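Presented below is the structure to which this report refers.
Rule-based calculations on the coordinates, nothing more; no lab input. Since the structure is predicted, the reported quantities are computational estimates derived from the model, not experimental observations. Please note: Cβ atoms are built from the backbone with ideal geometry, for glycine as well, and neighbour counts cover all protein chains shown.
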Amino acid sequence: MRKDFSRREIIKWSAAALASGAGAFGLGGPARAQSDQLVVSDFGGDWATWNKQNIDAKFTSVTNLSVLHDTGSDNAARIAKAKLGIERGEYDLICLADSFFPRAVSEGILDEVNYDSPAFTNHKDVDSRFVTPNYTSFLFNGLGLGYNPRMVSKPPTSWADLWNPEFKGKIVLPAIVHSFGLHVILLSALAAGKDYKDTKTGLDHLKRLADLDPIWTVDSQANARSLFQEESAIGWIGRAEWLQLRDWGGSTEFVLPSEGGFLTSWGFSPVKGSMKKEQIEAYINITLDPQLQAANAKKLGFQPTNKKWTEFADEGLVRKVSWTPEEEKRFISVDYSWLNSNRAELTDSWNRIVGR
């Protein structure tokens with residue numbers, strides 16, 4: 001299914017998300033959780049399918065509780081929806097990209113994780129970069145450039161290569177409602193030779209990029225499909241999605257731009273108001289299970305955060321999925337608290353530029 005949209009459509013959706021925070025998913029919330037259910041706000045697609053078949057299956061076998069997923073790709077809308085459901089106890093857990101956890105904290109919807117609980121047997125083996133008071137990421141990704149060698153004569157090396165006029169109409173980028181929509185402003189600043197926090201330069205550079213009529217997508221799978229189907233020649237992609245694309249038989253290549261790629265991760269956090277503390281701890285601990293993380297790496301290509309995952313993977317998979325120390329030195333770790341404090345202003349600016 002084609003997942004590129006007009007500027008006007010993207011602006012309409014992002015404006016609605018800003019206005020209501022729940023427009024993409026309705027206002028009713030999930031059905032009230034039953035005593036034998038754990039209700040999780042999660043992403044959809046292949047991601048949710050894998051979670052249901054693996055994490056949920058193990059959780060149910062341990063606790064005898066079923067899991068109900070309320071899914072959607074828009075982090076902001078799911079945060080707003082979870083906030084509306086706190087008083088009614090509608091949600092137990094929420095899965096977010098790390099770029100949105102500061103927003104969820106500022107909205108007051110998250111509980112802290114009690115790592116002293118005996119339920120947590122796996123987090124001690126998790127890379128300390130991914131252990132936070134409200135969540136522990138269970139996988140991570142590096143975000144960079146994908147390009148099709150059949151459509152690109154000179155392999156790109158820099159974010160600045162996106163501004164090549166030869167690629168007009170053939171560039172795929174995350175829209176503002178995407179988990180990494182605001183990153184387009186950040187990479188625009190990097191492409192201009194500035195720090196990613198120089199948003200004035202980033203927005204000025206974004207105007208030129210918007211003139212090249214990019215394909216704007218609402219989720220990472222759509223970025224991968226656009227490159228795979230050769231609708232786009234070049235664009236934003238995570239390496240995990242690139243590995244999936246290669247498994248589909250696509251010819252896209254992946255590069256970490258010279259200015260640096262972006263490090264990102266995902267995790268589950270307890271939602272305030274839930275009465276299922278023990279079950280929540282059990283679920284989070286299962287997401288950190290090294291054997292399950294290894295299975296996820298094999299299926300979806302994300303690098304696990306539990307250092308023991310390599311004990312459950314063959315050498316070929318470890319080489320395929322793992323980032324080298326040299327590559328990790330080129331990761332940019334975005335200050336997401338800073339980004340969240342500027343989110344409304346930057347979103348408004350993005351809308352005015354891309355929708356003009």
DSSP bridge orientation in the chain - percent antiparallel, rounded to nearest 5: 65 percent
Estimated dipole of the chain in Debye, rounded to 20 [Cβ of Lys and Arg +1, of Asp and Glu -1, Cα centre]: 740 debye
Candidate aspartates and glutamates - alpha carbon under 12 Å from K329, same-chain residues fewer than 8 apart omitted: E259
Candidate lysines for bridging to K81, where Cα separation is under 18 Å - those fewer than 8 sequence places away on the same chain excluded: K272
Within region 122-155, backbone nitrogen closer than 15 Å to the virtual label 7 Å beyond the Cα of E327 toward Cβ: 140-147
Cα centroid separation, region 307-350 to region 225-266 (Å): 14 Å
Kirkwood-based shape ratio for region 62-170, expressed as Rg/Rh from alpha carbons: 1.12
In degrees, nearest ten, helix 343-354 long axis to first principal axis of the chain (Cα): 40 degrees
Cβ-based net charge around H205, under 12 Å, with every Lys or Arg adding one and every Asp or Glu removing one: +1
Correct choice for volume of the Cα convex hull per residue in Å³ that was computed from the model, options (1) 127; (2) 146; (3) 169: (1)
Charge sum, other residues only, whose C-beta stays under 9 Å from L96's C-beta, Lys/Arg counted +1 and Asp/Glu -1: +1
Approximate spin-label separation E112-D195, in nm, with each point projected 7 Å along Cα-to-Cβ: 3.0 nm
